[in-house]
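The structure appears below as structure tokens.
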């Protein structure tokens, strides 16, 4: 079998006119400029915008709850705690939004771009995912309080099994929200990591990735603890 | 420079260098619809990054950088950008391939066997970019570029030999 001369292919590549077959007109390019980006960054930015809007609505809804249950100190405390929590989470989400890697100035090299994207998603994004998932229990709690008000005009005395059911609903809502989000982006982030590892020839990133995964686990444990403590507080306030 | 002037300048530059984007889409995508998706995404990213283009490098060099960054970091959950052991089905997925010369079709088949970053390096080599430019675009050393090119070329030659 004869040896392959890649220079022949290089010349063929240079002379090939088939690449020029489809030249877009100015109008067609202008149309493209008005379309939405499908990049992971744009999807994340959209998700974050929706969550910020949702948390704002939740904040207003808890103000409504305080107003409706003005004579019930327990619900007022619950409403204030929820609003403080929503405001803190909103601040975090807005800061995260501002830190999303900008597409305006592409970094000088592919390696730097991959590194900045991976660092952002692994360090900042995973915290943000849990904060997004926190909306679910908050929606459940506010919905439950509105239901009690419009159905009974007060918070009905709850039994221990009621608390168990409500707590389970909150935990499932949180866990499901976080699971869906993490699953949605994990695959894409892993692909970026594979590219970075390829650039670094499987050498320097092994330790970095291990460190980032450890941090992810720590964040997960912290958020679960916060959720459980929050539910215990809720039980104490309402009982 | 006002917005309409900037847009006009951008559109003119894109029109003059469209074949670069076609080549990148050709190397990174198999299906026509995926090529169109990537094509649009590259144009969008170029437009977003255009304010950062400062004429220090040639427009084409800057364009390669942004377009390759987009092609490599644009990930999807479906099969679109995942690697496959199977050779692309030319008849079903690359209707435009028939317009290309035999050498280019063989080259495409061989390149499709490479990893994403390897594709970027060989594409820049085919485009006659210097080792310095390749190193700068990818973010590796010049020495590393030369070592990797030797390896990628050997891999490519081996695949082409099998395909002939």
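Tabulated data
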| read-out | value |
| --- | --- |
| Condition check for residue B:57: farther than 23 Å from residue A:27 by Cβ, at the interface with chain A (Cβ under 7 Å from one of its Cβ atoms) and surrounded by fewer than 23 Cβ atoms within 10 Å (Cβ to Cβ) | no |
| Filtered residue count, the stretch B:30-41, keeping only those that are farther than 17 Å from residue A:35 by Cα and modelled with pLDDT of 85 or more | 0 |
| Within the stretch A:160-184, considering residues that are in contact with a helix residue (DSSP H, G or I) (Cβ under 7 Å, 6 or more places away or on another chain) and within 14 Å of chain B (Cβ to nearest Cβ), the one surrounded by the most Cβ atoms within 10 Å (Cβ to Cβ) | A:181 |
| Selection count where residues are at the interface with chain A (Cβ under 10 Å from one of its Cβ atoms) and either over 17 Å from the mean Cα position of the chain (by Cα) or not in a helix (DSSP H, G or I) (or both), scope the stretch B:129-150 | 5 |
| The one condition in (1) within 22 Å of the chain's Cα centre (by Cα); (2) surrounded by 12 or more Cβ atoms within 10 Å (Cβ to Cβ); (3) under 30 Å from residue B:15 (Cα atoms) that residue A:36 fails to fulfil | (2) |
| Count of residues meeting criterion [at pLDDT below 85 and either in contact with a helix residue (DSSP H, G or I) (Cβ under 7 Å, 6 or more places away or on another chain) or not assigned by TED's automatic domain parsing to the domain that holds residue B:24 (or both)] in the stretch B:51-63 | 4 |
| Candidates B:2, B:12, B:34 - the one that is within 9 Å of chain A (Cβ to nearest Cβ) and farther than 16 Å from residue B:69 by Cβ | B:12 |
| Helices (runs of 4 or more DSSP H) (entirely within the stretch A:56-168) containing at least 1 residues that are at pLDDT below 85 | A:73-99, A:110-119, A:126-133 |
| Any hit, the stretch A:93-110, residues being more than 24 Å from residue B:44 (Cβ to Cβ) and touching a residue at least 40 places away in the same chain (Cβ under 8 Å) | yes |
| Number of positions in the stretch B:128-146 that are surrounded by fewer than 18 Cβ atoms within 10 Å (Cβ to Cβ), modelled with pLDDT of 90 or more and closer than 20 Å to residue A:9 by Cα | 3 |
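The values are calculated or read from the model by the stated rules, or taken from the named source; none is laboratory data. Source: prediction; values computed, not measured. Reconstructed Cβ throughout: ideal geometry from the backbone, glycine too, with neighbour counts over all protein chains shown.
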